[in-house]
């Protein structure tokens with residue numbers, strides 16, 4: 001009997017509550033003190049197509065999903081056909097025997113336990129919509145795993161709490177029917193068992209959730225976005241919390257408007273953010289340069305998905321790194337942050353707003369579908385130490401002492417004192433064209449914009465880099481210093497890499513992991529220091545061209561020989577990384 005370790009999958013068509021079932025199952029497990037991780041796959045369809053929600057449960061903290069399934073819930077034949085090979089020996093399938101033809105003969109496998117449950121019949125007896133099959137099978141799953149129904153009921157009431165009371169009760173009743181049917185009619189013992197544990201309460205969060213929380217904590221008061229997968233949920237959360245936290249939320253007509261609106265808000269002194277994907281960010285690029293030229297603080301989240309063009313709207317990739325590092329004509333300073341987990345999504349989003357205002361630059365937060373949309377149990381964030389820092393923002397008293405205010409004063413660190421519209425003595429121009437210290441451009445007078453002035457102003461803006469580099473955290477090295485193998489990566493690969501390192505440890509192989517959190521400005525010296533002493537270096541990325549490895553070669557001169565790359569629209573499985581590493585080590 002395997003206790004408190006299971007990989008549970010539900011599959012079926014879009015429109016039949018696949019994602020809701022996975023979340024409800026996971027919430028019930030989390031309420032029982034267990035760690036969970038949810039990975040979901042779905043096409044860009046409202047109805048139809050193949051959808052799955054894969055929930056991994058464990059007593060210990062987990063960082064990723066697995067490439068195996070212990071218990072498969074199949075709401076249609078396609079789910080069985082597509083995922084049969086993923087079921088482990090001794091695993092099981094829950095299905096409706098009246099609707100799906102599943103036998104050991106048709107499967108050609110004797111090592112799978114079959115649980116035929118008359119879902120359609122149960123739904124007819126309940127007198128509810130066929131949609132509620134998803135809740136029936138969650139109840140049945142919990143009975144097979146001998147889990148406490150009370151925890152499931154609590155999860156259902158939480159998941160459906162905003163709906164009418166009748167809908168909530170129907171779902172509780174449907175789950176109870178599935179649970180009772182198994183207890184009364186199925187004698188076949190499952191090789192897996194879930195048992196509640198005493199543990200502190202945890203959150204079940206996506207990266208999108210954590211980013212929204214970080215923005216709210218940072219004092220974001222204006223959010224403008226055009227919905228785009230995989231970061232649309234940030235818009236939903238900000239809209240839901242707008243009244244509670246006094247946030248203006250605007251769903252714009254397009255991404256161009258979203259970017260220009262947050263620049264306007266930032267110019268007015270309001271902390272502002274938007275979020276988009278690669279296609280939307282392409283439309284924002286010209287305005288990104290406007291933020292840089294006017295030295296207006298903004299925060300933009302870019303959630304990667306496979307490209308080019310529309311690509312795969314509901315899948316994942318890490319193909320936009322070089323795009324964000326160089327987007328926009330000319331040369332200007334931007335900060336690019338790539339969080340690797342939900343904690344970093346929260347804390348680095350908070351930090352992004354401070355960095356944007358302190359250095360008066362655009363800050364880009366780079367995530368992907370895997371991190372943005374997948375759920376993981378997460379400890380409550382400790383936030384008492386977080387402080388909002390607004391940089392060189394002038395008070396009225398300070399402005400009163402300035403005889404001639406220059407918005408773009410050529411300072412030693414390149415950061416100019418900032419006044420806001422409406423402040424006395426703080427009137428200034430903020431043009432998109434090159435300008436002098438007072439904000440006057442060649443449009444006003446060619447005599448002002450001498451080559452010397454142009455050179456001075458560009459150098460002034462670029463001089464911020466040295467101050468920013470001192471402010472940013474160095475790359476994180478996880479694992480022993482004297483490792484046999486050093487993995488280097490960024491973003492969402494962090495979780496699967498952690499899991500792969502555990503597998504290597506069981507083989508007696510010492511591995512460490514260099515996570516590069518800040519990609520611009522690039523921490524060249526620290527990366528060079530760590531990698532220069534590494535025995536074997538392996539780059540792990542979710543793209544075809546090994547973009548981080550290329551960046552490391554450019555910035556440090558170190559050529560990484562070994563690369564593990566994946567570019568099929570799916571995130572890394574820990575086992576994929578582990579097996580690839582074993583061919584190297």
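Bear in mind these aren't lab numbers, they're just calculated from the coordinates by the rules spelled out. Worth saying up front: this structure is predicted, and the values here are computed from it rather than measured. Backbone-built Cβ (ideal geometry, glycine too); neighbour counts: all protein chains shown.
For the reader, a short list of remarks on this structure follows.
- Each of 162, 473, 510 was scored by other Cβ atoms within 10 Å of its Cβ. Listed from fewest to most, they are 162, 473, 510.
- Exposure proxy ranking for 544, 181, based on other Cβ atoms within 10 angstrom of each Cβ and starting from the fewest, stands as 544, 181.
- Ellipsoid semi-axes for region 91-165, based on the Cα gyration tensor and the rule √(5λ), read 27, 16, 8 Å when sorted largest first.
- Full-stretch length increase - residue 195, residue 157 - with 0.36 nm per residue and alpha-carbon distance subtracted: 11.6 nm
- Spin-label model distance (nm) - residue 44 vs residue 61, 7 Å beyond Cα toward Cβ: 3.6
- Mean projected area (nm²) of the alpha-carbon convex hull when the chain is viewed from all directions: 29.1
- Using a Förster distance of 56 Å, the FRET efficiency for residue 545-residue 387 (Cβ separation, nearest 0.05): 0.90
- Convex hull projection area averaged over all views, region 438-566, Cα basis, nm²: 10.8
- Ratio Rg/Rh [Cα only; Rh per Kirkwood] for region 22-170: 0.95
- Centroid-to-centroid separation of region 260-338 and region 400-431 [C-alpha atoms, Å]: 26
- Cα-projected label distance for residue 524 with residue 243, points at 7 Å along beta-carbon direction, nm: 5.3
- Convex hull volume of region 144-251 per residue (C-alpha atoms, cubic angstrom): 161
- Dimensionless Rg ratio for region 204-266, taking C-alpha atoms and the 2.2 N^0.38 Å reference: 1.05
- Gyration tensor (Cα) of region 363-517, equivalent ellipsoid semi-axes in angstrom: 47, 20, 15
- Förster-model FRET efficiency, 30 Å R0, residue 167 and residue 253, C-beta, rounded to 0.05: 0.30
- Mean residue ellipticity (222 nm) of the chain, computed from DSSP H runs ≥ 4 via -39,500 (n - 2.57), nearest 500: -12000 deg cm²/dmol
- Across region 220-370 the C-alpha pair distances fall into 10 Å bins from zero in the proportions 12, 45, 37, 5, 0 percent.
- Taking other C-beta atoms within 10 angstrom as a stand-in for reagent exposure, 456, 259 fall in the order 456, 259, fewest first.
- Unit Cα scatterers, Debye sum, region 468-542: log10 I(q)/I(0) for q = 0.24, 0.25 Å⁻¹: -1.13, -1.20
- Where only C-alpha atoms are counted, convex hull volume of region 344-407 per residue in Å³: 102
- Computed E for residue 101/residue 148 - FRET, C-beta separation, R0 35 angstrom, nearest 0.05: 0.55
- Approximate spin-label separation residue 412-residue 456, in nm, with each point projected 7 Å along Cα-to-Cβ: 1.8
- Computed log10 I(q)/I(0) for region 392-472 at 0.11, 0.20, 0.21 Å⁻¹: -0.32, -0.95, -1.01, from the Debye equation with unit scatterers placed on every C-alpha and solvent omitted.
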